[in-house]
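Working notes, beginning with the structure itself.
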Amino acid sequence: MDLMLQIWGGSFYLINKILFSLSESQPEPTKKTFRLSAWTIYILGVPAWVIVLVGHQNWIAASIEAGGIPAMLLGLYNTYHDHKKPHKLFNKLVTLCTYSSLAFGLAYSVNLHGGITSVSQLLEIGVMLGFLLGSFYMAKNHRSGWVFFMLMNLSMATLMLLQDKPILMAQQLLSLCFVVYGFKQSQALQPQNS
């Protein structure tokens, strides 16, 4: 079961990063199709990650994975509407969910462990910041989301190495390559969108 979850979660998140990165160099409407597919696949990968992380008592990372769903839905909505029909209430709700998840995850871990007491906690904080802020900024079509995804991939790869999850570690490192590529493409093609 654990191997199946690693393949499911790892594959879906990797495909998401591949589609996001390749979308940066695509003309419309292909770019939109790639991005819609990327957001959908991202959402479908969440359950596997949550199950794997809960199984290892990584409560910060698991709650953040689930807490990132509103930002993913915002990304799907904004992409569908070509970022031309902002929904103010939805945007405010996602902002509230994002920052509430950050605060909750950190407070829960500090309370549970009596402070920041382990390398795993630090890595989970990196995952938390990278995942939530990366998804949030990508949903708003802001290229700084790529930088936060880099933090997330490096933190999660290290955490999976420490927890003997080689498939997920390899997937995170491969995802990192596509994230770096996507970031470079976004710089080259959209220098005005900082």
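Per-residue answers, yes or no, for (1) among the small types (Gly, Ala, Ser); (2) surrounded by fewer than 22 Cβ atoms within 10 Å (Cβ to Cβ); (3) more than 16 Å from MET72 (Cβ to Cβ):
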{"residue": "LEU132", "(1), (2), (3)": "no, no, no"}
{"residue": "SER135", "(1), (2), (3)": "yes, no, no"}
{"residue": "VAL147", "(1), (2), (3)": "no, yes, yes"}
{"residue": "MET150", "(1), (2), (3)": "no, yes, yes"}
{"residue": "SER155", "(1), (2), (3)": "yes, no, yes"}
{"residue": "GLN163", "(1), (2), (3)": "no, yes, yes"}
{"residue": "LEU168", "(1), (2), (3)": "no, no, yes"}
{"residue": "GLN172", "(1), (2), (3)": "no, no, yes"}
{"residue": "PHE183", "(1), (2), (3)": "no, yes, yes"}
Inset, instruction - Kindly provide the set of residues from the stretch 55-74 that are open to solvent by less than 10 Å² (accessible area, probe 1.4 Å) and not small (Gly, Ala, Ser), ordered by number. - result: ASN58, ILE60, ILE64, GLU65, MET72, LEU74
Legend entry - Scope the stretch 8-24; condition over 24 Å from GLY105 (Cβ atoms) and either open to solvent by 50 Å² or more (accessible area, probe 1.4 Å) or charged (D, E, K, R) (or both); matching residues: ILE15, LEU22, GLU24
Legend entry - Sole residue being under 19 Å from LEU162 (Cβ atoms), open to solvent by less than 50 Å² (accessible area, probe 1.4 Å), in contact with a Gly (Cβ under 8 Å, 6 or more places away or on another chain) and touching a residue at least 12 places away in the same chain (Cβ under 8 Å), chosen from VAL52, VAL46: VAL52
Inset, instruction - Out of the residues in the stretch 98-130 that are among the polar types (S, T, N, Q) and open to solvent by 50 Å² or more (accessible area, probe 1.4 Å), state the one that is farthest from GLY10 (Cα to Cα). - result: ASN111
Inset, instruction - Note down all Cβ pairs under 8 Å where the first residue falls in the stretch 25-37 and is closer than 11 Å to TYR80 by Cα and touching a residue at least 24 places away in the same chain (Cβ under 8 Å), the second is buried (at least 16 other Cβ atoms within 10 Å of the Cβ) and not aromatic (Phe, Trp, Tyr), and they're at least six residues apart or on different chains. - result: LYS32/THR79; ARG35/LEU19; ARG35/SER23; ARG35/GLY75; ARG35/THR79; LEU36/LEU76; LEU36/THR79
Inset, instruction - Please enumerate the residues belonging to the stretch 68-109 that are more than 27 Å from THR33 (Cβ to Cβ) and in contact with a Ser or Thr (Cβ under 9 Å, 6 or more places away or on another chain). - result: SER101, PHE104, GLY105, TYR108
Inset, instruction - Examine the stretch 32-44 for a residue that is of a type in the set (S, T, N, Q) and over 13 Å from the mean Cα position of the chain (by Cα), and state whether such a residue exists. - result: yes
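The values are calculated or read from the model by the stated rules, or taken from the named source; none is laboratory data. Just so you know, these numbers come straight off a predicted model, no measurement behind them. A quick note on method: Cβ atoms are made from the backbone with ideal geometry, for glycine too, and the neighbour counts reach across all protein chains shown. The protein model used for the area step is the full one, side chains on, heavy atoms only, and it has no ligands, DNA or RNA in it. Shrake-Rupley method; radii C 1.70, N 1.55, O 1.52, S 1.80 Å.
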